[in-house]
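S.K.: Take this structure, written in structure tokens, and hold onto it; I'll ask about it next.
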Amino acid sequence: MKKDFLTLLDLSPEELRSLLRRASELKSGKDTSVCPLIGKSIGLLFNKTSTRTRISFQTGIYQLGAQAIYINTNELQLGRGETIEDTAKVLSRYLHGIVIRTYEHAMIENLARNSTIPIVNGLTDLHHPCQALADMLTIQEKKGKLKGIRMTYIGDGNNVANSLIEAALLSGIDLVIACPKGFEPDSRIYEHARANGAKVNIVTNPADAAKDADVLYTDVWVSMGQEKEVERKKKKFEGYQINSKLVSLAKPDVIVMHCLPAHRGEEITDEVLDSPQSVVIDQAENRLHTQKALLEKLVK
Ligand code: CP
Ligand code: NVA
């Protein structure tokens, strides 16, 4: 049976641990078993912009021995009204997997239901699970563990925050999210995680949340597709910024994370983003290694 990766909870805690182990092994360069996906083709279907996700998948797929076929979804017949169902069935006859970046999460669920090949979520409005995989590898590398790590996320309760909640559930990270009222993460994702024992709390005060953090994390205030809300959101998010004052409240060895791209001077200052505590470039690199481990596991 094919397996999709639409949200982080498509993996069990054990599958996650083994995927992170494999990603480290691939990163170390010690495994010389080359090209497990030789002769395969993976579609990269994007209708939002991307730097990291697109290039890390495209490069990783090449390194695994397969070819990546990148296409903006507007250039498919989907853009002229062909159904998702027909598209899914046809692409399943050519490809061995699809990575998709789009708006509605329900769209990729429909694509997955109608495909016989694995569908990987390269970001929807609701989830960004590939990002969370790289985030967990980065924390593990820098802190030596995930369980019990105190992570504070400052900012919008968006796709990245939703996937971090699921990461907390799977890994035992202790997560605090500080966001303005009305900008909380998805309530079903949050309630499900809490009901299943995740240590996740939502608060409104960034300074209280940052106290004693091992990890400070933020993302843009305005996500792709929310461009009309720029002015309203900027007002609401004043004060939800990772700056040196906030960093000083965390543990002395705190690491600072951001999925990137950053809006410097909004959710994070230049000073913090470029400081020795910032691990954002390692985080971006880890997209490559974790996604290779993921594709190796899913694509048959
Ligand atoms: N973090 C991330 O997904 O970056 P891109 O939007 O550049 O892919
Ligand atoms: N929350 C951001 C993440 C970008 C990687 C967005 O959806 O635009």
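S.K.: Hey, what's the per residue convex hull volume over the C-alpha atoms of the chain, in cubic angstrom?
M.R.: 125 Å³
S.K.: Next question, about the same structure. Which value at 222 nm does the chain reach when only helices count, each DSSP H run of 4 or more adding -39,500 (n - 2.57), with the total divided by all residues and rounded to the nearest 500 deg cm²/dmol?
M.R.: Result for the chain: -12500 deg cm²/dmol, rounded to the nearest 500.
S.K.: To continue, here is another question. How about region 59-147: which trypsin sites (Lys or Arg not before Pro) there are in a DSSP loop, with at most 10 other Cβ atoms within 10 Å of their Cβ?
M.R.: For trypsin sites (Lys or Arg not before Pro) across region 59-147 that sit outside H, G, I, E and B with at most 10 neighbouring Cβ atoms in 10 Å, the list reads LYS147.
S.K.: Straight-line reach from LYS30: which aspartates and glutamates have a Cα under 18 Å away, not including same-chain ones fewer than 8 places off?
M.R.: Within the straight-line limit of under 18 Å, LYS30 reaches these aspartates and glutamates: GLU141, GLU285, GLU296.
S.K.: I'd like the FRET efficiency for GLN226 and ARG194, computed as 1/(1 + (r/R0)^6) with the beta carbon distance as r and R0 of 41 Å, rounded to 0.05.
M.R.: Working: r = 26 Å, r/R0 = 0.64.
It comes out at approximately 0.95.
S.K.: For THR83, THR73, THR124, which order do you get if you count the other beta carbons within 10 Å of each Cβ and list the fewest first? Write out the running numbers ahead of the final one.
M.R.: Numbers: THR83 12, THR73 16, THR124 24.
Ordered from fewest to most neighbouring Cβ atoms within 10 Å, THR83, THR73, THR124 come out as THR83, THR73, THR124.
S.K.: Taking square-rooted eigenvalues a ≥ b ≥ c of the alpha carbon gyration tensor, is region 158-214 rounded, prolate or oblate, where a/c under 1.5 means rounded and, failing that, a/b exceeding b/c means prolate?
M.R.: The shape class here is oblate.
S.K.: Assuming 0.36 nm per residue, please report the length gained on full extension of the stretch ASN205 to ASP270 beyond their Cα-Cα distance.
M.R.: Going from the current span to full extension adds 21.2 nm.
S.K.: Please list, by residue number, every one of the GluC sites (Glu not before Pro) in region 207-300 that is coil in DSSP and has at most 12 other beta-carbon atoms within 10 Å. The partial results should precede the final answer.
M.R.: Values: sites: GLU227, GLU229, GLU231, GLU238, GLU266, GLU267, GLU271, GLU285, GLU296; in loops: GLU238, GLU266, GLU267.
The qualifying sites are GLU238.
S.K.: What percent does the relative contact order of the chain come to when contacts are Cα pairs within less than 8 Å and at least six residues apart?
M.R.: Here the relative contact order equals 20 percent.
S.K.: Can you find, among GLY39, ILE139, VAL120, the residue sitting farthest towards the positive end of the charge dipole of the chain, where Lys and Arg contribute +1 and Asp and Glu -1 at Cβ?
M.R.: Most positive-ward Cα: GLY39.
S.K.: Give me the percent of Cα-Cα pairs in region 240-300 that sit more than 15 Å apart, rounded to a whole number.
M.R.: Values: 1025 of 1830 pairs.
Roughly 56 percent, rounded to a whole number.
S.K.: Beyond 21 Å between alpha-carbons counts as too far, so tell me which of LYS27/LYS297; LYS199/LYS235; LYS2/LYS89; LYS142/LYS211; LYS142/LYS233 fall in that bin.
M.R.: Beyond 21 Å: LYS199/LYS235; LYS142/LYS233.
S.K.: Moving on to the next point. Output needed: percent of Cα pairs per 10 Å distance bin for region 16-155, bins running from 0 to the one holding the longest distance.
M.R.: Spelled out bin by bin, region 16-155 gives 10, 36, 34, 17, 3 percent.
S.K.: Springs between alpha-carbon pairs under 10 angstrom, Gaussian network model over the chain: which of ALA193, ALA134, ALA213 fluctuates most?
M.R.: ALA193
S.K.: In a solvent-free Debye calculation with one equal scatterer on each Cα, what is log10 I(q)/I(0) for region 220-267 at q = 0.15, 0.22, 0.26 Å⁻¹, listed in the order of the q values?
M.R.: Per q value, in the given order, log10 I(q)/I(0) is -0.47, -0.86, -1.05.
S.K.: Computed over the Cα atoms of region 149-292, what is the ratio Rg over Rh, Rh following Kirkwood?
M.R.: That ratio equals 0.94.
No value in this document is a laboratory result; all are computed from the given coordinates. These numbers come from a predicted model, not from an experiment. Cβ coordinates were reconstructed from backbone atoms using ideal geometry, including for glycine residues, and neighbour counts include every protein chain displayed.
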